[in-house]
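The values are calculated or read from the model by the stated rules, or taken from the named source; none is laboratory data. For clarity, every value in this text was computed on a predicted model and none was experimentally measured. Neighbour counts are summed over all protein chains in view; Cβ atoms, including those assigned to glycine, are modelled from backbone coordinates with ideal geometry. Note: accessible area is taken over every heavy atom of the protein model, side chains too, but ligands, DNA and RNA are not part of it. Shrake-Rupley method; radii C 1.70, N 1.55, O 1.52, S 1.80 Å.
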Amino acid sequence: MDKAQERATERPIGVIQSNDDLRCSNANRPIHRLPFELLQCIFQHVLQSCELVEENDSNLFALLQVCTYWRFIIEHSSQLWSRLSAFQPRAYVLKALGKGWGLLDISCKACSCEGVPGPKSDTLHFLETARRVADRWRCLALEFDKFEKAPPAAIKSIQHLLELPAPNLEALDLQDKDARLEIPEVELFGGMSPKLKDVRIVRTRCRWSQAAFKGLSSLHLGTLEFERMEIVLDILRDCPQLQHLTLWRCKFVNNDSGYILPVSLPNLGELRLKFDTPRMHMAPILKEFLDHLSPPLHCALYPCLADSIDTLEIIETAFQYWLFGRQMPNTLDKLDNVELRFGPSKVGPSTFQFVLSSGATRISGGFETLAGNSVFRTLKYLAPHIKRSHSLGYLKTFKIRCAAAGVDLVGNIWFAPELSRLPPITHLEIEDYEKPIERDLIDQALRGTHRHIGSAFFPIRHLIFRNMPFDVMSRHIQAALNHLKPAISTGSEACTRTLDSVEIRVKEKNFPAAMTLLETLRDEQRIERTELFVVIL
């Protein structure tokens, strides 16, 4: 073969011609040198971040198609196949069940038990399949819709499913949208669910004296009707380890409870209450229920003020009488940290929360509304204690946190004047808003030019931003710096007030732009410290 032919058959540099070469090149990439267990943990984190089962399935199948090594890891990791739903194809469910003996998260929406339209698993078939692996249940979530049309056989199937022993079950979620399902004779899991810690029951009428409820750490009862308050209190007596309790839109038919022994809940950390009563009777029922509970002093309280016209009475009952009234003498006059939060939270989409700290004591509460007059009335109870703590030299940190719609409350005609009469705010944390009116409000607050707030934000010491547009952050920082006037001269130099810190928290995709802003801020001599935190999703 002459040299010309050799050059013709020679492989061009950088061109991969065979599958073997492709696999070799793929295997040499750094990510494929990670250990099996580490990649397994990464995949599990990706799938657990999916709120919807359908999204979980889509991501799982996408990972399966990346390469042979990833497919091998996923096929041999039973924990990655743990989320099963009636919406999944039957072939997928059977394949997942064949991946070993890992624990399973079962979810099923039973709509009249007639099957779900489309090429998905039949509901009854899925429930029958789930029955066979009851010993592998970790979470069981059943949602019923239009169940009044269900045949008796379907109801029996549900009852039998709930009677099966579930030795590894940790969480139960029962929801009936139409409040048609009744299972008063069912002993849940035959009383054999020793690991059950989290129970959520909405609109489902069941037997309330359950061995399965003993030892719960979290209980949510929603849109339920009880003959007497004592029934709920008896449920709580069986849960001495309870840490989180929510009673939402629950109704008591007979309010004459008589004498009832108090319920001791020594580990209760959070209590959320909303009773389904006539608008004028919320406060008395709230007071009666709270009188029967004996939780620790640090238990956070979140009553609902929506749809009530006795708002003032509810605030007095919940906070002045129950939450603050149970504290040790002088605790509220020695506060070293005060935090007020406005906006979305785990409590609800629009909430007001307060967190008060005095040494090791922590007092917290709030309610699911951002009505200015309600927040104003609550703040009136807090204001004397905050002022006294400040005058005595105890108060070190006074923080305001605003998110989304909560920003508007800062300039509210009811709330803002009361805020301006409190000690200066040291920390301001703002998150997730873009409206020009909200941006201008914060600018005015930082400059001290807002007509209601005055100089409440001067001298601000710390600024914290979460998921904010970079131009808005720059404006707010400049507004705060413009308010920092030179102090009294000492010798030949003037002492200039500074921002102690600027903290920026962004998502990973915004990291490059955040670094550019950070470099600019580091050149500003009036900022003592700048910090950047990246949220990796």
| task | Report the extension gain between ARG132 and ASP276 in nm, rounded to one decimal, defined as 0.36 nm multiplied by the number of residues separating them, less their alpha carbon distance. | result | 47.9 nm
| query | Which value in nm describes the separation of the simple spin-label points at GLU230 and GLN159, placed 7 Å from the Cα toward the beta carbon? | reply | 2.8 nm
| said: Can you list residues from other chains, or at least 5 along the same chain, whose modelled amide H is less than 5 Å from the amide H of CYS250? | reply: THR223, LEU224, LYS274, ASP276
| said: Quick check: with the 1.4 Å probe, what order do HIS476, HIS427 take by accessible area, largest first? | reply: HIS427, HIS476
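Given a Förster distance of 30 Å, report the FRET efficiency between TYR381 and ILE260 from their Cβ-Cβ distance, rounded to the nearest 0.05. Numbers along the way, then the final one.
Working: r = 29 Å, r/R0 = 0.95.
The value I calculate is 0.60.
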| query | For PHE144, which sequence-distant residues (separation of 5 or more, or a different chain) have an amide H within less than 5 Å of its own amide H, given hydrogens modelled in the peptide plane? | reply | ALA110, GLN175, ASP176, LYS177
| remark: Diffing region 136-142: the Karplus 3J(HN,Hα) column from phi (6.51, -1.76, 1.60, θ = phi - 60°), in whole Hz with x for Gly and Pro, holds 9, 5, 10, 10, 10, 10, 10
| message | Let me check something: with ligands and nucleic acids excluded, how do LEU392, LEU446 order by accessible area (1.4 Å probe), largest to smallest? | response | LEU392, LEU446
